[in-house]
Ligand code: URA
């Protein structure tokens, strides 16, 4: 059994799924254009379900938090010119106006941002945390190089203890998922969460916590300029895409956050509890793999 088979095995995906995935990949070149067109049509039709329309109250303010963050054209590392949208733009793009704190964060370089997160006391989570969990991945001197950005929900107990994201059971599965598509957390991947501090008892992040932490994630994306974002789980997907749509309806197509192609998949912790959905997660990873070269 080779390494890839081993990881697919760990994901609960037997040879049948692997072969189907391979077959799908073999036809990728012929179907990429068609898929993109289909995706475009599909998302265009489904677009009204995404965005602020119809949302209200706290859910709206939490999901909108990431999108109120100012992303001035002059900030961020211009690794590449803005590309024409070959995939689909959802209605979600960061607003051009934000509050003073967001604007300050959006002006930070990587070191200043890391320091700001380490010292952050903007919400009550600072009182119960052991460590902030900024993120992990390939970071170069003066620029952040990862092409893939993985966004989870929030640190759990082990992540809080170690200050690194996805180091518990869910993290092991994430590593297997990455390995299955030829990636690892030390190379060309940056892994972070919507929240940088652990919610006590692993409860869901509160809207106010997302509102305070949102600018940190927005700035990480602006600095890294990944070529692809993988939003893991309902919470990350909804926060990034500014929607309350279900993960089922968000999977299987390409969204955009800050112009970056964004694909939604299940959270590894959910997959550990719901084995049959691992096959769907594999489909999402294959979509991500196909999307990355097609995006440029
Ligand atoms: N779950 C997450 O969403 N993030 C982590 O870092 C760990 C578990």
Exercise. Based on the Cβ-Cβ distance from residue 158 to residue 104, what FRET efficiency comes out when R0 is 35 Å, to the nearest 0.05?
Worked result: 0.65
Seminar exercise, completed: Residues of the stretch 257-290 with backbone N under 16 Å of the label point set 7 Å from the Cα of residue 204 along Cα→Cβ are 267, 270
Seminar exercise, completed: Quick shape check on the stretch 225-296: root eigenvalues a ≥ b ≥ c of the Cα gyration tensor, a/c under 1.5 is rounded, otherwise prolate if a/b tops b/c, else oblate, and it reads oblate
Seminar exercise, completed: Simple SL model, points at 7 angstrom along Cα→Cβ for residue 119 and residue 248; separation in nm is 4.7
Problem set entry | Prolate/oblate/rounded label for the stretch 92-295 (Cα gyration tensor, a/c 1.5) | rounded
Problem set entry | Cβ crowding within 10 Å averaged over residues, with 265-271, 255-261 ranked highest first | 265-271, 255-261
Problem set entry | Ranked list, fewest to most other Cβ atoms within 10 Å of each Cβ, for 225, 185 | 225, 185
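Rule-based calculations on the coordinates, nothing more; no lab input. Nothing here was measured: the structure is a model prediction, and the numbers come from that model. Methodologically, a virtual Cβ is constructed for each residue, glycine included, from the backbone with ideal geometry; neighbour enumeration extends over all protein chains shown.
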